[in-house]
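Have a look at the structure below, then the notes.
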Amino acid sequence: MPATALRSEAERGNEPDAFWMPFTPMRAFRQDPILFDRAEGMHYITPEGRRVLDGMAGLWCVNAGHAQQHIVEAIREAAGRLDFVSSFKMSHPAAQAYAARLCDFAPEGLDHVFFVNSGSEAVDTALKIARAYHHARGDARRTKLIGRAKGYHGMGFGGLSVAGLGRQKRGFGPLLPEVAHLPLPYDAGLAFSLGQPERGAAYAEDLEKLLDVHDPLSVAAVIVEPVIGSGGVYPPPKGYLERLRAICDKHGILLIFDEVITGFGRLGAPFAAQALGVTPDIITCAKGMTNGSVPMGGVIVSGDVYGAFMAGPPDVIELFHGYTYSAHPLACAAGLATLDVFAEQGIIAQAKASSVTWQARAHQLKGAPHVADIRTLGLLCAIELSPKPGAAGTRGAAGAKACLDAGVLVRGSGDTIVLSPPLIISQSEIDEVFGVIEGALATLD
Ligand code: PMP
């Protein structure tokens, strides 16, 4: 008999090590575990019944707020109707319907979606599509990939390779060869910019400089988050993405926007591409697609990209790639219901309207203890703190802990406090979030 069968559930519950948690210092977590049992609207609820205001939309994903009943019901109905069907050489009505509606939601010209199960899978799929696109067009030389400093693109080997957060690569090498990186389009002079910095478009010229070093005819794609998210919320300077687009066009290089965070209303438009007026060739998305309820990701591609694959002989598999759970019926149902909720509740309009006060209120923290920079766009915010002498990189976690103790969930990352609330946040909740942060900053030594 397995040993676990001899122990009561309560005893087993006291052994949190069974669950080896992602991105978590296990031994520290064991000392001070954080558990949430339920969620509704803007709040998480602990097993003891304490309500915590969610300043992170879970993990940048529950954009329409928790426990949206229409989504809950859609998942329930889907589970009872069709638990699973492969998407290899067969499909189901919800997958067809969701693909069509998602492409309508996406920027004009991006008309085809490949379904996956996470942001990491979306990125690795997009990178493979980019290389295979050139290959399909008879240009197999184009294999190099260009990412950007502070970029986060998930934890697959492809995403990790193009990412610009070096510490995350430690211990996992060697990664993909032939990857180059653009520098961060940011400098100290841009600190405390509200929204997109007015200056800094010239940082895009670094792409031309990279292409001088790497033969442009060897480059398949450039991948950037329109707004750097996990790397610390860096909005693009005005004109920067436009310039990247123009340089990619000039050299026949595909431009990929990783919109895993910026998609689904975060910037007050369906995607950052529409909010910022720049259309890439490929968009990766995940998180907000199902309002965080069922794992799902997508790679949305232009007619040109798709067309390159369809030009070959008709009896071959055009893209030899996919996952068992691609277009899972529960995920498609949740995705369709999420788009219903967005339309019926005007979620994007709400985000657009409240982002004005959100950003203004965030910038009122300028001058608060330890605050070194504040960066905002849409309903995103990073409050960068000056490092604690002798303990650089710890202020974010300390700030996040103080906020949680005061009833608000934020994310601590290095010396930065990061915020990405559900888009349904009210004016009084915006005040509550920043009021609690202000109080927490005053307690940090
Ligand atoms: N790309 C970006 C821009 C992300 O922010 C994330 C997740 N934070 C990912 C990819 C990876 O997504 P997942 O964790 O679903 O694999």
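Are any residues in the range 108-133 out of contact with any Phe, Trp or Tyr (no Cβ under 6 Å at 6 or more places or on another chain) and surrounded by fewer than 21 Cβ atoms within 10 Å (Cβ to Cβ), and if so, which ones?
Scanning the range 108-133 gives GLU108, GLY109, ASP111, SER118, LYS128, ARG131, ALA132.
Please count how many residues of the range 255-289 are within 11 Å of the ligand (Cβ to nearest atom) and either of a type in the set (S, T, N, Q) or at pLDDT below 95 (or both).
Here the count works out to 2.
Only residues that are over 16 Å from the mean Cα position of the chain (by Cα) and surrounded by 18 or more Cβ atoms within 10 Å (Cβ to Cβ): list them for the range 159-178, please.
Once the filter is applied, which keeps residues that are over 16 Å from the mean Cα position of the chain (by Cα) and surrounded by 18 or more Cβ atoms within 10 Å (Cβ to Cβ), the range 159-178 yields only SER161.
Going by the structure shown, is SER386 among the small types (Gly, Ala, Ser), more than 19 Å from the chain's Cα centre (by Cα) and surrounded by 17 or more Cβ atoms within 10 Å (Cβ to Cβ)?
No.
Of all the residues that make up the range 209-229, how many are surrounded by fewer than 22 Cβ atoms within 10 Å (Cβ to Cβ) and of a type outside the set (A, V, I, L, M, F, W, C)?
Final tally of qualifying residues: 6.
Could you please tell me which pairs satisfy a Cβ distance under 9 Å, a separation of 6+ or placement on different chains, a first residue in the range 142-163 that is closer than 16 Å to HIS214 by Cβ, and a second residue that is of a type in the set (Lys, Arg) and surrounded by fewer than 24 Cβ atoms within 10 Å (Cβ to Cβ)?
Within 9 Å, the pairs are ARG142/ARG131; THR143/ARG131; LEU145/ARG131; SER161/LYS169.
Assess whether ARG131 counts as being within 16 Å of the ligand (Cβ to nearest atom) and either charged (D, E, K, R) or modelled with pLDDT under 95 (or both).
So ARG131 does not fit the description; no.
Take the residues in the range 253-272 that are of a type in the set (Gly, Ala, Ser) and under 13 Å from ALA106 (Cα atoms), then tell me which one is surrounded by the fewest Cβ atoms within 10 Å (Cβ to Cβ).
The extreme case among them is ALA269.
Does PHE29 fit the bill of being closer than 27 Å to GLY229 by Cβ, at pLDDT below 95, within 27 Å of the chain's Cα centre (by Cα) and surrounded by 11 or more Cβ atoms within 10 Å (Cβ to Cβ)?
Here the answer is yes, as PHE29 does meet what is asked.
For GLY335, indicate whether it is under 25 Å from PRO280 (Cα atoms) and either assigned to a helix (DSSP H, G or I) or not assigned by TED's automatic domain parsing to the domain that holds PHE105 (or both).
Against the criterion (under 25 Å from PRO280 (Cα atoms) and either assigned to a helix (DSSP H, G or I) or not assigned by TED's automatic domain parsing to the domain that holds PHE105 (or both)), GLY335 qualifies.
Among (1) surrounded by 20 or more Cβ atoms within 10 Å (Cβ to Cβ); (2) farther than 24 Å from ALA132 by Cα, where does GLY239 come up short?
(1)
Checking PRO369 against (1) in contact (Cβ under 8 Å) with a residue 40 or more places away in the chain; (2) assigned by TED's automatic domain parsing to the domain that holds ALA273; (3) loosely packed, with under 15 Cβ neighbours inside 10 Å, which single condition isn't satisfied?
Every condition holds for PRO369 apart from (2).
The values are calculated or read from the model by the stated rules, or taken from the named source; none is laboratory data. All of these numbers come straight from a predicted model, not from anything done at the bench. Every residue, glycine among them, receives a Cβ derived from its backbone with ideal geometry; neighbour counts consider all protein chains shown.
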